[in-house]
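Reviewing the structure listed below.
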Amino acid sequence: MSVLDTPESADVDGMRVYRTQHFLDVAAPAQQLYTLISDVTTWPSIYGQHLHHIQYLGPSITEEADRFKLWATINGEVGSWVSQRTLYPEELRLTMEQEQPRSPIQTMRGEWRFESLPNGGTRMFMLHRFTPRDDVPDAAAWILKALDLHCPEELASVARICLPGAPVSDVVFSFTETADLPGSAADAFDFVKRSELWAERLSSISSVFLADSTPGMQDLVVHAIAGDGSAHSSHSLRICQGPEWIAFKQIGLSNPLLGHSGEWRFTDRTPGRVVISVRHTVALNPATLPEVFGEDCSIADAKTHVRAALGSSSLAMMTQAANYADRRIRFRY
């Protein structure tokens, strides 16, 4: 089970510093788990729906750490921040520290730690050290509530993909679809972003429900009709940074997917040509593969099926976006 030790606090240099600890035992080797968690680009696919997207920003000034921007919903509030991450591979741990925390946080430092157990499993730790702002009422309680909510969720999310005979490196994977097409990056971006118009523009879409009250964020539900006439729905959270990229994370997934996130990229190659790419990161639920694909389906077979389905959907959207972008160019000239 996941445990939250009683938070400790002490005064350091006139500030109240809090420390918390959550942990969970899982049936996977410590090295595999460290390798998985040290790749932060997989986090949106592994974690619950509160973590939307992570963008790599490059090395820190000292080059001892990497910098990332994270978008997440914390205690019901959508926000973003930049963190620095430092890896300690020989110790099977990594640390994250926010550069300019959002109120009510003054400072925040976190750590993942993986300790091998005698049975071959691992005890995963999430440790946090933070100071709340002293000018915000109940700041410490707000932060502790967020940690107590999201840390057990994140630990449990990692545990779901840790089953005997299914190495973590096999069930979490990424792939990219790329196409060089007519049009411009700005117009192709506009087509993918303007999801409220898809039902008018795409014959496979029956209806779309879009909520975009937060600038740059979209909460998107799409109802579609497959080629065989069957109906299906998808629910995604998207971050739109035009005209360069759109990040997405699907929520409420059905088997065999535990997680699916990714990023659209739009790049002008030459006048009148655009390169569109979609990177997908997928977490499979290994326990459901026989139910979905049959008893003889291997993890490799399941990955092939999933990649074919997601890839064909991406390529179809790319083609429609390019057709729209190409028409826009012809209309201008």
Does Ser184 satisfy the criteria of being farther than 21 Å from Thr73 by Cβ, buried (at least 16 other Cβ atoms within 10 Å of the Cβ) and either touching a strand residue (DSSP E or B) at 6+ places or on another chain (Cβ under 8 Å) or modelled with pLDDT of 95 or more (or both)?
yes
Provide a single number: the residues in the stretch 276-302 that are farther than 16 Å from Ile46 by Cα, more than 19 Å from the chain's Cα centre (by Cα) and not hydroxyl-bearing (Ser, Thr, Tyr).
14
Residue set Ile205, Ile246; condition in contact with a strand residue (DSSP E or B) (Cβ under 6 Å, 6 or more places away or on another chain) and at pLDDT 95 or above; output residue Ile246
Kindly evaluate Glu99 against the criterion of being among the acidic types (Asp, Glu) and modelled with pLDDT of 95 or more.
no
Among the residues that make up the stretch 234-255, is at least one of them in contact with a Ser or Thr (Cβ under 6 Å, 6 or more places away or on another chain), among the aliphatic types (A, V, I, L, M), surrounded by 19 or more Cβ atoms within 10 Å (Cβ to Cβ) and assigned to a strand (DSSP E or B)?
no
The condition from (1) of a type in the set (A, V, I, L, M, F, W, C); (2) out of contact with any Phe, Trp or Tyr (no Cβ under 7 Å at 6 or more places or on another chain); (3) farther than 30 Å from Trp264 by Cα that Met124 misses is numbered (2)
Does the stretch 129-157 hold any residues that are buried (at least 20 other Cβ atoms within 10 Å of the Cβ) and under 10 Å from His22 (Cβ atoms), and which are they?
Leu147, His150, Cys151, Glu154, Leu155
Tell me which strands (runs of 3 or more DSSP E) are completely within the stretch 25-111 and hold 2 or more residues being surrounded by fewer than 17 Cβ atoms within 10 Å (Cβ to Cβ) and within 18 Å of the chain's Cα centre (by Cα), or say none if there are none.
51-59, 66-74, 77-88
In the stretch 280-310, residues that are more than 17 Å from Ile251 (Cβ to Cβ) and assigned to a strand (DSSP E or B) total 0
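The values are calculated or read from the model by the stated rules, or taken from the named source; none is laboratory data. Note that the coordinates shown come from a computational prediction; the quantities given were computed from them, not determined experimentally. Positions of Cβ are backbone-derived with ideal geometry, glycine not excepted, and every protein chain shown enters the neighbour counts.
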